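The values are calculated or read from the model by the stated rules, or taken from the named source; none is laboratory data. What you see is a predicted model; the values in this text were computed from it and never measured. Cβ placement follows ideal geometry from the backbone for every residue including glycine, while neighbour counts extend to all protein chains displayed.
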Amino acid sequence: MSQKAYITTPIYYVNDVPHIGHAYTTIIADTMARYYRLKGYETFFLTGTDEHGQKIEEAAKSRGKTPQAYADEISGKFRALWDEFEISYDKFIRTTDAEHKTGVQKAFQVMFDKGDIYKGEYEGHYCVSCETFFTDTQLVDEDKCPDCGKLTRLVKEESYFFKLSKYQEDLIKWYNSDEKCVLPKGKKKRSD
């Protein structure tokens with residue numbers, strides 16, 4: 001049986017053009033993929049762009065474009081840069097690709113059929129820039145994001161949630177019994 005390696009970068013948001021941080025991460029991932037290939041591992045290296053989210057919609061609107069047209073433009077810049085750098089990715093994925101949408105729909109349906117997904121409502125202070133919800137106690141000056149300092153928006157929305165509590169006991173048992181579930185070992189905090 002051959003050894004396998006799966007390497008992935010984050011899938012980068014297309015709210016703006018690639019920058020040095022994107023390149024840094026991708027070059028490191030590329031280096032790892034090349035290393036594993038040299039060592040004889042069957043290696044798959046994935047990178048790409050995440051083209052959904054409020055900040056992407058707002059970035060497109062501020063430039064007078066539709067979200068899809070803007071996503072196409074910026075995603076193209078990421079891919080062109082990686083090709084210019086000769087990044088050895090096996091797949092460049094876009095979250096607007098039909099293949100990706102089909103995969104997500106299938107995964108969602110499997111989880112829904114197993115009772116792992118439920119519909120509910122969420123309300124909280126949302127930071128568009130960070131794409132994160134915060135509680136009242138986390139906010140700075142009652143309405144600012146603790147991470148970037150920008151104003152948050154009070155958002156209430158219907159959404160689907162993953163029922164993690166269904167797996168709580170098994171996860172805690174695994175966490176407490178497997179010394180390798182968190183590496184490096186010094187980062188693991190015992191719950192007993």
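Observations, loosely collected:
- Test: residue in the stretch 83-95 that is of a type outside the set (G, A, S), under 20 Å from K55 (Cβ atoms) and not in a strand (DSSP E or B): yes
- Taking the criterion of being exposed (fewer than 12 other Cβ atoms within 10 Å of the Cβ) and free of Cβ contacts under 8 Å to residues at least 40 places away in the same chain, the residues of the stretch 16-27 that qualify are H19, I20, G21, Y24.
- Residues of the stretch 147-192 satisfying the condition of being among the hydroxyl-bearing types (S, T, Y), in the same structural domain as E131 (by TED's automatic domain parsing) and part of a loop (DSSP other than H, G, I, E, B): T152
- Some residue of the stretch 61-80 being on the phi > 0 side of the Ramachandran plot, touching an Asp or Glu at 6+ places or on another chain (Cβ under 7 Å) and of a type outside the set (F, W, Y): no
- Scanning the stretch 61-82 for residues that are of a type in the set (S, T, N, Q) and either surrounded by 15 or more Cβ atoms within 10 Å (Cβ to Cβ) or outside any loop (DSSP other than H, G, I, E, B) (or both) gives S62, Q68, S75.
- Single unsatisfied condition, L46 versus (1) modelled with pLDDT of 95 or more; (2) under 18 Å from E131 (Cβ atoms); (3) surrounded by fewer than 20 Cβ atoms within 10 Å (Cβ to Cβ): (2)
- The set of residues in the stretch 115-144 that are surrounded by fewer than 10 Cβ atoms within 10 Å (Cβ to Cβ), farther than 13 Å from F161 by Cβ and in contact (Cβ under 8 Å) with a residue 24 or more places away in the chain is empty.
- Checking each residue in the stretch 115-137 for being outside any strand (DSSP E or B) and closer than 21 Å to K55 by Cα picks out V128, S129, C130, E131, T135.
- Residues of the stretch 123-157 classified as closer than 24 Å to D16 by Cα and small (G, A, S), total: 2
- Filter result for D30 (of a type in the set (D, E) and surrounded by 18 or more Cβ atoms within 10 Å (Cβ to Cβ)): yes
- Qualifying residue in the stretch 42-60 (condition: under 28 Å from I117 (Cα atoms), assigned to a helix (DSSP H, G or I) and without any contact (Cβ under 8 Å) to a residue 40 or more places away in the chain): yes
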